[in-house]
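I have placed the structure first, in the form of C-alpha cells, so that the comments after it can refer back to it.
The values are calculated or read from the model by the stated rules, or taken from the named source; none is laboratory data. This structure is a prediction, so every number in the text was calculated from the model and none was measured. Heads up, the Cβs are rebuilt from the backbone with ideal geometry, glycines too, and the neighbour counts pull from every protein chain shown.
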Amino acid sequence: NPTILIALAVVPSYSGTLCDNPTIARLSHPSALGLCPCVASPTARTIRTNIVKMATNFEEIAKQFIEFYYSQFDTDRKSLASLYREQSMLTFESASVLGANAIVEKLTSLPFEKVKHQVSTLDAQPTMVEGGIVILVTGQLLVDEEQRPMNYTQAFQLARDPSGQYFVFNDLFKLVYG
C-alpha cells in the first residue's frame, strides 16, 4: 500500500517493522496504520491526509497539464519553454537533450510546420516525491498535410520547483509503428 510506505518512510521512529506488538502486526496495513503508535504520530496523520488530498486531484492536474501542453505544442512550440527547467530532460525518438533551452530548440526544429495531437488515453499516478505526478499518454497525431495519423506514446514526470510550480522533469516521446 503506497500510503503506508510513504508515511513510514518519513516517520523518524519507524524501525523497519510495522510494529513490535504482535496483535497489531497481524492487522491489515491500513488498520495497523491507524492503531500502531509507531506510525500514528501527528506527522504520519498529516502525510496520510496530504496523500488523500493528492489522490483526489493528481488526475485532474494531469488532465489539465496534457490539454495545455498539446494545445501549446500544436500552436506555438516555443511557448513550452516555461514548462521546463535546466534539470529537465527530453528523450524524443531515442535522442535525449537536457535543459529548457535545448528542449525547446529540439521541439522547434522538428521537421514539420503543423501538428495536431489527439489523445486516446491518459493515465496518471502520484510519485514518491511530494506533489510529483507521472503521466502516460497514448494517441495519434497528424503532421502538415498528412492524411494518415501516426500513433504515439508520451510519458511525463511532473515535479514541483521551489516555488511550488509544476514543471516537466522528464519527457519521453515515441512514435508507435505496426
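Could you tell me whether any residue of segment 131-152 is within 21 Å of the chain's Cα centre (by Cα) and aromatic (Phe, Trp, Tyr)?
Checked against the condition, which is being within 21 Å of the chain's Cα centre (by Cα) and aromatic (Phe, Trp, Tyr), segment 131-152 yields at least one hit.
Is it the case that some residue within segment 152-168 is touching a residue at least 60 places away in the same chain (Cβ under 8 Å), surrounded by 14 or more Cβ atoms within 10 Å (Cβ to Cβ) and among the charged types (D, E, K, R)?
No, every residue in segment 152-168 fails to be touching a residue at least 60 places away in the same chain (Cβ under 8 Å), surrounded by 14 or more Cβ atoms within 10 Å (Cβ to Cβ) and among the charged types (D, E, K, R).
Restricting the search to segment 116-140, which residues are hydrophobic (A, V, I, L, M, F, W, C) and modelled with pLDDT of 95 or more?
Val119, Leu122, Ala124, Ile133, Val134, Ile135, Leu136, Val137
Tell me whether segment 155-164 contains one or more residues that are among the aromatic types (Phe, Trp, Tyr) and under 9 Å from the mean Cα position of the chain (by Cα).
Among the residues of segment 155-164, at least one is among the aromatic types (Phe, Trp, Tyr) and under 9 Å from the mean Cα position of the chain (by Cα), which makes the answer yes.
Consider Arg77 carefully, then state whether it is surrounded by 15 or more Cβ atoms within 10 Å (Cβ to Cβ), within 20 Å of the chain's Cα centre (by Cα) and of a type in the set (Lys, Arg).
The answer is no for Arg77.
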